[in-house]
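Peer 1: Have a look at this one before I ask anything.
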Amino acid sequence: MPKSNQKIPLRALEEAAEWLLKLQDAPLSKLEQQTFLDWQQANADNQAAWEKAQRLMHGMAQMPKDIARPILNRADDEGRRLAIGKLALLLAAGPTIWGGSKLVESQQWSADYRTTKGGFSSVTLPDGSIVKLNTATAFDIQFNPTHRLLTLREGEIEIVTAPVNSKQFGPFLVTTQEGRLIPLGTRFTVRQHQEMTHLAVIEGRVKATPEHTKQSQNNIIEAGQEVSFSRYQLHARKTLTPESTAWLQRMLAVHKMPLSTFINEVSRYRLGLLRVSPKLAALPISGSFPTTNTDTILTMLSHTYPLTVSRHLGGYWVTLEAS
């Protein structure tokens, strides 16, 4: 019986992924059934890989169909190889990845408005306000005569509020996990970090109120300022930098950012796993990079800095190592 902590070779994981796709395509013939059984019984690695595959299938069955279907869709030729790589990555990563959050976009599927990882969108709300959504973003709205409420679940948005003279809509409010924002005729961006909200005001003013603080006269963020806040306090406001709004031009702009932090940012736009050698974690990265193509970002890094990019599982598992 394979041990639960057994390290399974990529070869076995890829073969298990191949069988998963075959089972999705059509019922197995008698010959294929015997071949499948022989493969499982050939060695402990295959048994362990298939056990993981069965757990993955069970997890997929619990997901909404519009999430599970793209992962298990039938693919031909090169597309099929990428699908096998993707499934093998899910198997290698384990339940903390495929049963968790980012890879299956668990926060996004039921939201009123959303983008997938690597996506970008612009929507016009019922009052005429315009919202741009960055990668892996989700929000809900509730518009009625008393308020216009936008609740950011995750990700990053830009809001350009529309002037409303009608009694049809009330004041515009934005809530995040950390507090509430009241725009005062404005254009601004909001990003939901883990246990932190980041606000950047491009035009006008925004009143920012953390959830567990009293009302304050010093919580008005002016145009050209940015600030982060937790549920308990506003942190020191800073002058707005171009890096904070570069995503609106589909760019990732950084200045002397540690490579490990930079790769975390790139991961927001890329399916799969990106890993950095500890030797390179503190390497400072500067420049502007296109978020529309993360492979281009990796190529730019390898041409500019002393590192090599190693791709595995059809590009779904990437490691950056010192050259």
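Peer 1: How would you classify the range 190-239 from its alpha-carbon gyration tensor, with a ≥ b ≥ c the square roots of the eigenvalues: rounded for a/c under 1.5, else prolate if a/b is greater than b/c, otherwise oblate?
Peer 2: On the way: a/c = 2.02, a/b = 1.21, b/c = 1.66.
Oblate is the answer for the range 190-239, as a/c is 1.5 or above yet b/c matches or exceeds a/b.
Peer 1: For a quick check: with amide H placed at 1.01 Å from N, whose amide H comes under 5 Å from R275's, ignoring anything fewer than 5 positions away on the same chain?
Peer 2: Distant-sequence amide H within range of R275: V318, T319, L320.
Peer 1: If you take every residue apart from F229 with its C-beta less than 13 Å away from the C-beta of F229, what net charge results, scoring Lys and Arg +1 and Asp and Glu -1?
Peer 2: Values: positive: R180, R191, K207, R231, R237, K238; negative: E178, E195, E211, E226.
In short, +2.
Peer 1: Where in the range 218-317 are there trypsin sites (Lys or Arg not before Pro) that are in a DSSP coil and have at most 16 other Cβ atoms within 10 angstrom of their Cβ? Intermediate results must be reported in sequence, preceding the final value.
Peer 2: Values: sites: R231, R237, K238, R250, K256, R268, R270, R275, K279, R311; in loops: R231, R237, R250, R268, R270.
Sites meeting the loop and neighbour criteria: R231, R250.
Peer 1: Given 10 °C and 1.306 mPa s, how large is the Stokes-Einstein diffusion coefficient of the range 226-298 in µm²/s, with Rh as the Kirkwood radius over Cα pairs? Display every interim value, and only then the final one.
Peer 2: Values: Rh = 13.7 Å.
Reported coefficient: 116 µm²/s.
Peer 1: Determine the alpha carbon to alpha carbon distance for each of K132/K214; K132/K167; K7/K279; K167/K238; K117/K207 and list only those over 28 Å. Don't jump to the answer; show the numbers that get you there.
Peer 2: Values: K132/K214 31 Å; K132/K167 25 Å; K7/K279 24 Å; K167/K238 36 Å; K117/K207 30 Å.
K132/K214; K167/K238; K117/K207, as the Cα separations exceed 28 Å there.
Peer 1: Under the classification rounded if a/c is under 1.5, otherwise prolate if a/b is larger than b/c and oblate if not, where does the range 113-245 fall, given a ≥ b ≥ c as square roots of the Cα gyration tensor eigenvalues?
Peer 2: Values: a/c = 1.43, a/b = 1.11, b/c = 1.28.
Rounded, because the longest to shortest axis ratio a/c is under 1.5.
Peer 1: Can you compute the charge dipole magnitude of the range 249-323 about its Cα centre, using +1 on each Lys and Arg Cβ and -1 on each Asp and Glu Cβ, nothing else charged? Give it in debye, rounded to the nearest 20.
Peer 2: Value, rounded to 20: 80 debye.
Peer 1: Net charge near L307: determine it from the other residues with C-beta under 14 Å of the C-beta of L307, scoring Lys and Arg +1 and Asp and Glu -1. Could the numbers behind the result be given before it?
Peer 2: On the way: positive: R275, K279, R311; negative: E321.
Counting the neighbours of L307, the net charge comes to +2.
Peer 1: Assuming 0.36 nm per residue, please report the length gained on full extension of the stretch N293 to A246 beyond their Cα-Cα distance.
Peer 2: Value of the extension gain: 15.4 nm.
Peer 1: Scan the range 216-323 for chymotrypsin sites (Phe, Trp or Tyr not before Pro) in coil per DSSP, keeping those whose Cβ has at most 14 other Cβ atoms within 10 Å, and list them by number. Can you show the working numbers first?
Peer 2: Working: sites: F229, Y232, W247, F262, Y269, Y316, W317; in loops: Y232, Y269, Y316.
Taking the range 216-323 and a limit of 14 other Cβ atoms within 10 Å, the loop chymotrypsin sites (Phe, Trp or Tyr not before Pro) found are Y232.
Peer 1: How would you classify the range 274-315 from its alpha-carbon gyration tensor, with a ≥ b ≥ c the square roots of the eigenvalues: rounded for a/c under 1.5, else prolate if a/b is greater than b/c, otherwise oblate? Walk me through the numbers on the way to the answer.
Peer 2: Values: a/c = 1.84, a/b = 1.05, b/c = 1.75.
Here the range 274-315 falls in the oblate category.
Where a number appears in this text, it was derived from the coordinates with a stated rule and is not lab data. If you're wondering where the values come from, they're calculated on a predicted model, not measured in any experiment. Neighbour counts run over all protein chains shown; Cβ positions are idealised from the backbone, glycine included.
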